[in-house]
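Below you'll find the structure, written out as structure tokens, and then a few comments.
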Amino acid sequence: MTTVDTPPAVTSFLAREHGLFIGGGWRPGETGQRLVSTNPATGEPLATLARGGPGDVDAAVTAARAALADPGWRDLTPLQRGELLHRLAELVEAHADELALIESLDNGKPVSVARAVDVTTTAKLFRYFSGWPSKFEGSTIPLSPRGGRRILNYTVHEPIGVVGAIVPWNFPMSMASWKLAPALAMGNAVVLKPAEETSLSTLRLAELFSEAGFPPGVLNVVTGQGSVVGAALAAHPGVDKVAFTGSTEVGRLVTIAATGNMKKVSLELGGKSPHIVLPDADPKAVAAAAADGIFFNQGQTCTAGSRLYVHSAIYDDVMSALVEEANRIVVGPGHDPASQMGPLVSARQLDTVKSYVESGLDEGATLEAGGSRPAGLDGDYAGGYFLEPTVLTETTHAMRVVQEEIFGPVLVAMRWTDVDDLIDKANDTPYGLAAGLWTNDLTQAHRIAAAIKAGTVWINCYNLTDPASPFGGYKQSGWGREMGRGVLEQYTETKSVWVNLS
Ligand code: NAD
């Protein structure tokens, strides 16, 4: 079921026989087979998708190559390219409610979150990157040639070519936009592979691309399984760069597949971020922030503050307030305005998360909150993938729940006393995506921030991102940075031109 108030535009969109978006038009997949996209709040089918195959990836890459050579794209001035991106941002805003509802029904997240975070971020990204085409300049390099020669040396940034973008299901449309906005700002063409669980919003976004005036083939969307469509895209010899967001395990496969033609690779991978509380922090305020840091988006956030380290002096106060916060969170279907947390994305993800909770308990952790299906979600929602916000204490560093990314609403909490030991523990996972810390002690804040091996450190805040600020991971959390000026380097080749003036 969708919802009683689903507007006709969304109902008719969901009911469509969704195809693949290739060369500016829709076509069925080569296999003729369909994938079912499920409503996580009910467990019922929401829509069906084309199950693409390697031949479809091939057709999409050919369409993207043709777009690169099309004067309608290739010869646009930087300002004209920026204008298209700006128009797209406006269209996303004009369709914000519709896009938010599609995202919420497909992913499970509360529609308020989809509207305030996913859709807003998407529009903001296109708007931010619309300014860059006319500003990303090359340089004139001061050389020191031998023998008094006069040489002019300058650099130009050129598009890399065809970008294969592979994205996950946790923020479907905005994760796609993190790649699309800089890639298109720099004049590339893209073949996008959305996650099979949540392809609908990107299919709707593709239509908005056409409406904004992007020429055919500049964006292509191929839906289907990761092991088929994603793998074919990562290995395709006609793809010049692959930009991947997802698990570290699949990131490794993508990287290996990309070596066939040595395509450029950028990776945004998993995390197990430490959220650190110093003894001077306000226990109640920190408890609320720590709850939000883990339970936001049902814990399905790469930067989720999933390991909480609280100084012993205030551990009991923080934990009792945190357990109250966790128990207060209203879990329900995403379209219900009262819901603060929705279901997990799929039955498979729910099973994975539940099995982590069991493993924590088997290894000796204590369940302080949650761990079960919330009461009262019966009737239409009896088949939904709901889990209570869950807090585990008495956890130790060797436990799987402390070392591995759970990607669900499960917090593990630990106490600390010695700051050097805290830093060692905070850094002691294969990941290095983000960290948070709460204190007004400036010296400690900067010392700890410097010692943490993570791409983002939030001090007295958590989970903030902005298109202007670099984002990415140390260690096995990724390669490269997205957003900000720096990402533009990842979507361009730099050419150094030497002119002999002697
Ligand atoms: P996943 O790795 O299972 O899938 C990601 C994408 O890869 C999907 O589109 C999937 O279909 C595709 N895929 C699967 N197998 C493939 C293969 N063999 N070759 C090519 N593509 C393949 O990840 P997920 O479960 O969709 O997302 C959760 C993961 O994503 C978590 O680990 C999370 O931390 C990570 N993530 C990271 C960031 C970040 O910015 N660092 C952001 C969001 C999510």
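The values are calculated or read from the model by the stated rules, or taken from the named source; none is laboratory data. Quantities reported herein were computed from a predicted structural model and do not represent experimental measurements. Ideal geometry is used to build each Cβ from the backbone, glycine not excepted, and the neighbour counts take in all protein chains shown. Areas reflect the complete protein model, heavy atoms only, side chains present, ligands, DNA and RNA absent. Shrake-Rupley method; radii C 1.70, N 1.55, O 1.52, S 1.80 Å.
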Tilt relative to the chain, helix 248-258 - C-alpha long axis, 0 to 90 degrees, to 10: 20 degrees
Hey, can you grab everything whose amide H is under 5 Å from the amide H of residue 308? Only 5+ residues off in sequence or another chain; H modelled, so Pro and N-termini drop out. 275, 412, 413, 414
Mean projection area, nm², convex hull over Cα of region 142-259: 10.2 nm²
Once label points are set 7 Å from the Cα along Cα→Cβ at both residue 447 and residue 359, what is their separation, rounded to one decimal in nm? 3.5 nm
Note to self, the chain gives a 222 nm [θ] from helices alone (DSSP H runs n ≥ 4, -39500 (n - 2.57) apiece, / all residues, nearest 500) of -11000 deg cm²/dmol
Leaving out ligands, DNA and RNA, and with a 1.4 Å probe, what % of the accessible surface on region 274-467 is carbon or sulfur? 49 percent
So if a site counts as exposed when it's one of the trypsin sites (Lys or Arg not before Pro), its DSSP state isn't H, G, I, E or B, and it has at most 15 other Cβ atoms within 10 Å, what's the longest stretch of the chain without one? 151-484
The Cα radius of gyration of region 393-458, divided by 2.2 N^0.38 Å with N its residue count, comes to 1.14
Listed residue pairs exceeding 32 Å between alpha carbons, taken from 109/272; 124/425; 264/354; 193/475: 124/425; 264/354
Report, please, the projected area of region 1-101 averaged over directions, based on the convex hull of its C-alpha atoms, in nm². 8.1 nm²
From the square roots a ≥ b ≥ c of the eigenvalues of the alpha-carbon gyration tensor of the chain, which class results: rounded (a/c under 1.5), prolate (a/b over b/c), or oblate? oblate
Let me see the pair-distance distribution of region 344-478: every alpha carbon pair, 10 Å bin width, integer percents in order. 11, 33, 34, 17, 4, 0
Under the √(5λ) rule applied to the eigenvalues of the Cα gyration tensor, what semi-axes describe the equivalent ellipsoid of region 346-409? Give them in Å, descending. 24, 13, 8
Contact order normalised by residue count of the chain, Cα under 8 Å, 6+ apart, percent: 18 percent
Give, as a single signed number, the net charge of other residues whose beta carbon lies under 11 Å from the beta carbon of residue 371, with Lys and Arg counted +1 and Asp and Glu -1. -1
Among beta bridges assigned by DSSP with both residues in region 274-467, the antiparallel ones amount in percent, to the nearest 5, to 15 percent
In bins 10 Å wide, starting from 0, what share of all Cα pairs of region 423-495 does each bin hold, as a percent? 19, 44, 29, 8, 1
Hey, what D do you get for region 37-182 in µm²/s if you plug the Kirkwood alpha-carbon radius into Stokes-Einstein at 25 °C and 0.890 mPa s? 133 µm²/s
Going by Cα centres, region 446-469 and region 122-176 are how many Å apart? 25 Å
Hull shadow area, averaged, region 241-325 [alpha-carbon convex hull, nm²]: 6.7 nm²
Where 92, 117 fall by accessible area, highest first, once all protein chains stay in place (1.4 Å): 117, 92
Pop a pseudo-label 7 angstrom from the Cα along the beta-carbon direction at both residue 249 and residue 320 and give the gap in nm to one decimal. 4.1 nm
Can you give the extra length, in nm with one decimal, that the chain gains between residue 330 and residue 79 once fully stretched, where that is 0.36 nm per residue apart less the Cα-Cα distance? 85.7 nm
